[in-house]
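Step one of this worksheet: look at the structure below.
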Amino acid sequence: SHRLARRRRVRLAELVDESWIAADSSGDDHLLGPESVRLASRPRVDFVANGWTEKLGLVAAGLGITLVPSLAAQAARPDIALSRMDRQDGPPRKVYAATLEGVARPPATDAFIQVLEETAGRIRVGDAS
């Protein structure tokens, strides 16, 4: 029943005055909380939940909105409206390639790392993909 529930993509500025459901900022989950996204003012967090199931349950009860990664969104109940966050609003992402020190890397690993570096060099915030 949310006013933006039928939208495919939402700008977070449209949600700044909503009641937010966030994770405890001391855990890894804070990366998808309201403090990690680009907003002019800090959103009001009315509920703190520790897990995705709890967050989605609070959303289903109509108590607020939350951000979830795509893997958690796949487990959302059918009565929860899911909208994509506009790419310009998302937090910056870092990608790392980890290899064993002192061990010769196979050519496929070096080629993969090169593709990652080239792709990262082309991606800019706001690019559609």
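Could you please find all residues in the stretch 78-106 being under 18 Å from the mean Cα position of the chain (by Cα) and basic (Lys, Arg)?
Arg84, Arg87, Arg93, Lys94, listed by residue number.
In this structure, is Thr119 of a type in the set (S, T, N, Q), at pLDDT 90 or above, open to solvent by less than 60 Å² (accessible area, probe 1.4 Å) and out of contact with any strand residue (DSSP E or B) (no Cβ under 8 Å at 6 or more places or on another chain)?
Judged against the criteria, Thr119 is not a match.
From the residues in the stretch 38-62 that are in a loop (DSSP other than H, G, I, E, B) and touching a helix residue (DSSP H, G or I) at 6+ places or on another chain (Cβ under 9 Å), which one is modelled with the highest pLDDT?
Ala49
Please name all residue pairs, on different chains or six or more residues apart, with Cβ atoms under 8 Å, provided the first residue is in the stretch 57-75 and is at positive phi and the second residue is surrounded by 10 or more Cβ atoms within 10 Å (Cβ to Cβ) and in a loop (DSSP other than H, G, I, E, B).
Close Cβ pairs satisfying both conditions: Gly64/Glu18.
The values are calculated or read from the model by the stated rules, or taken from the named source; none is laboratory data. Everything quoted here is computed from the prediction, not taken from an experiment. Reconstructed Cβ throughout: ideal geometry from the backbone, glycine too, with neighbour counts over all protein chains shown. Just so you know, the surface numbers come from the protein's heavy atoms only, side chains and all, with ligands and any DNA or RNA stripped out. Shrake-Rupley method; radii C 1.70, N 1.55, O 1.52, S 1.80 Å.
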